[in-house]
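Step one of this worksheet: look at the structure below.
The values are calculated or read from the model by the stated rules, or taken from the named source; none is laboratory data. Predicted, not measured: the structure shown is a model, and the values here were computed from it. Using ideal geometry, Cβ is built from the backbone for each residue, glycine included, and neighbour counts are taken over all protein chains shown. Calculation scope for accessible area: heavy atoms of the full protein, side chains included, ligands and nucleic acids excluded. Shrake-Rupley method; radii C 1.70, N 1.55, O 1.52, S 1.80 Å.
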Amino acid sequence: IHKTVVETLEQTNTPLAQNLDKVYDLIISDCETSITYLENTVYSIPKIERVDRVAAEALLAKVYLYIASAKENNVLLYGAMNKNVDDMYAKAAHYANEVITKQSTYGFEDNLIDLYDVEKARGKEKIFIMGMDRSGIEEGE
């Protein structure tokens with residue numbers, strides 16, 4: 001696992017993590033650090049290519065939910081993790097509740113069709129917004 005910036009080709013030849021606990025511990029730590037750094041950052045409207053505290057909390061909730069669900073359902077390699085399923089579900093619920101109750105920028109769209117309208121990139125349900133240049137004649141130009 002890389003815990004620092006990779007600057008050379010030689011640095012890409014790093015041994016794999018010993019187990020999924022180490023991988024997820026790093027992901028969880030990164031999310032928690034992001035939440036701390038972004039504590040006072042919640043946008044009044046979603047910003048393209050920018051994250052705020054809500055995005056970090058949403059990602060962390062998803063990470064905990066994924067761990068709990070995969071371990072509970074005996075997905076290969078997850079059963080060996082040293083994580084308690086009930087604790088992971090509780091943490092997922094906690095961070096999901098933070099996303100739902102501690103801000104007013106994000107929420108549910110009134111019109112379901114708006115979710116799929118590419119001209120409405122800053123919809124209420126869009127916590128992670130990718131930037132894209134739509135100035136070409138065909139997509140990808």
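Taking the stretch 4-120, how much of its Cα-Cα pair set, in percent, is spaced more than 17 angstrom apart? Could the numbers behind the result be given before it?
Values: 4454 of 6786 pairs.
Every Cα pair in the stretch 4-120 considered, those over 17 Å come to 66 percent.
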State in Å² the accessible area per residue of the chain; use a 1.4 Å probe, count heavy atoms of protein chains only, and round to the nearest integer. 73
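For the chain, what does -39500 (n - 2.57) per DSSP helix run (n ≥ 4), summed and divided by total residues, give at 222 nm, in deg cm²/dmol to the nearest 500? Provide the component values of the computation, followed by the final result.
On the way: 3 runs with 55 residues, N = 141.
One gets -13000 deg cm²/dmol as the mean residue ellipticity at 222 nm.
Any chance you could run the full-extension gain for ARG122 through LEU77? It's 0.36 nm times the residue separation minus the Cα-Cα distance, nm to one decimal.
So the extension gain works out to 12.5 nm.
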Where the centroid of each part is defined by its Cα atoms, how far is the stretch 24-38 from the stretch 46-106 in Å? 12
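Taking the Cα centre of the chain as origin, work out the dipole magnitude from +1 charges on Lys and Arg Cβ and -1 charges on Asp and Glu Cβ, in debye rounded to 20. Could you put the intermediate results ahead of the total?
Values: 15 positive and 24 negative charges, 83 e Å.
That gives the chain a dipole magnitude of about 400 debye.
Can you tally the net charge around LEU20? Count Lys and Arg as +1, Asp and Glu as -1, for every other residue whose Cβ sits under 12 Å from the Cβ of LEU20. Display every interim value, and only then the final one.
Working: positive: LYS22, LYS71, LYS83; negative: ASP21, ASP25.
Neighbourhood net charge equals +1.
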